[in-house]
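Notes to accompany the following structure.
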Amino acid sequence: MEIIVEQLGKKFSREWIFKGIDYTLKSDQAYAIVGGNGSGKSTLLKVISGINDPSKGKVIYKKNNKEVPVDEIWKEIVLAGPYTELVEEYTLEEHLNFHRQLKPMVKSNEEIIEILDFKAANKKQVQAFSSGMKQKLKLALAFFSEASMLLLDEPTSNLDHKNIEWYQHWLPICSKGKITLICSNQPYEYEFCDERIFMENYK
């Protein structure tokens, strides 16, 4: 998989959030989008993922040297961020089954529940989970889905020290062969990444 970003820019009203980004993202590489609050990290991730349209420039997706239309790129992407939603009325098991209807997964429900250490919560509705448990579930859904691109925004928000270590353990395992993009201003979230994209360079 390859993502080619050409002269990418995004503005709201008359204010440019970022502009002039040229970059090529390749499989089996991890990239950190870094910058302070309000620097445009999440906005760039949403544009690259096809959620938002750019104001200028374009994003080209290629798989096996063939271009993938933007309206089909969702099939190649998994995304976990503060704005991604869980179906809170579902139990954990129901949620995993629902997710499988959208994306194939590389592990069984039983394996994922064991990895999460959520056996005691298997029959609980997601709305009864703590904020940290919900975040860990979002990460697991992203980590263990079949996808060409793994996109993470503020991946350890609401996680305690033990679960940050859980994230750091599984990230390099689950990102193999994928384009990995991580939005963060916390070095422990992106120290694994091969390259840094500094938003301050594109103002």
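When a/c reaches 1.5 or more, the comparison of a/b and b/c decides; with that in mind, is the stretch 132-198 rounded, prolate or oblate per its Cα gyration tensor? Working shown, then result.
Values: a/c = 1.67, a/b = 1.12, b/c = 1.49.
Oblate shape, in that a/c is at least 1.5 and b/c is the bigger or equal ratio.
Would you work out the relative contact order for the stretch 7-71, in percent, from Cα pairs under 8 angstrom that are 6 or more residues apart? Intermediate values should be presented prior to the final figure.
On the way: 61 pairs, mean separation 22.0, N = 65.
Relative contact order, the stretch 7-71: 34 percent.
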Residue-normalised accessible area of the stretch 97-203, expressed per residue, 1.4 Å probe, Å²: 49
Computed magnitude of the charge dipole of the chain (debye, nearest 20; Cβ of K, R +1, Cβ of D, E -1): 440
At a 10 angstrom cut-off on C-beta neighbours, averaged per residue, how do the peptides 150-163, 67-80, 121-134 rank from highest to lowest? 150-163, 67-80, 121-134
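At a 1.4 Å probe, what is the % contribution of carbon and sulfur to the accessible area of the chain?
Details: 4740 of 10340 Å².
In the chain, the share of accessible area belonging to carbon and sulfur is 46 percent.
Suppose a student asked you for the relative contact order of the chain, using Cα pairs under 8 Å spaced at least 6 residues apart; what percent would you report?
33
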Just from its helices, what would the mean residue ellipticity at 222 nm be for the chain, if runs of 4 or more DSSP H residues each count -39500 (n - 2.57) and the sum is divided by every residue, rounded to the nearest 500 deg cm²/dmol? -8500 deg cm²/dmol
Any idea which of L141, H161, S131 is furthest toward the positive side of the dipole for the stretch 130-170, if Lys and Arg beta-carbons carry +1 and Asp and Glu beta-carbons -1? S131
Here are some pairs, K19/K103; K63/K107; K63/K138; K66/K203; K26/K176; which of them have Cα atoms lying more than 22 Å apart in this structure? K19/K103; K63/K107; K63/K138; K66/K203
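Treating only the Cβ of Lys, Arg, Asp and Glu as charged (+1, +1, -1, -1), what charge dipole size does the stretch 124-192 show about its Cα centre? Round to the nearest 20 debye. Don't jump to the answer; show the numbers that get you there.
Working: 7 positive and 7 negative charges, 59 e Å.
Result for the stretch 124-192 is approximately 280 debye, rounded to the nearest 20.
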Any idea what angle helix 161-174 forms with the longest principal axis of the chain, computed on alpha-carbon atoms, 0 to 90 degrees, nearest 10? 70
Using amide H atoms built in the peptide plane, which far-off residues or other-chain residues are under 5 Å from A32 H to H? I182, E195, R196, I197
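The values are calculated or read from the model by the stated rules, or taken from the named source; none is laboratory data. Keep in mind that this is a model prediction, so the values were computed, not measured. When we count neighbours, we look across all protein chains shown, and the Cβ atoms used for this are built from the backbone with ideal geometry, even at glycine. Ligands, DNA and RNA are excluded from the accessible area calculation, which covers all protein heavy atoms including side chains. Shrake-Rupley method; radii C 1.70, N 1.55, O 1.52, S 1.80 Å.
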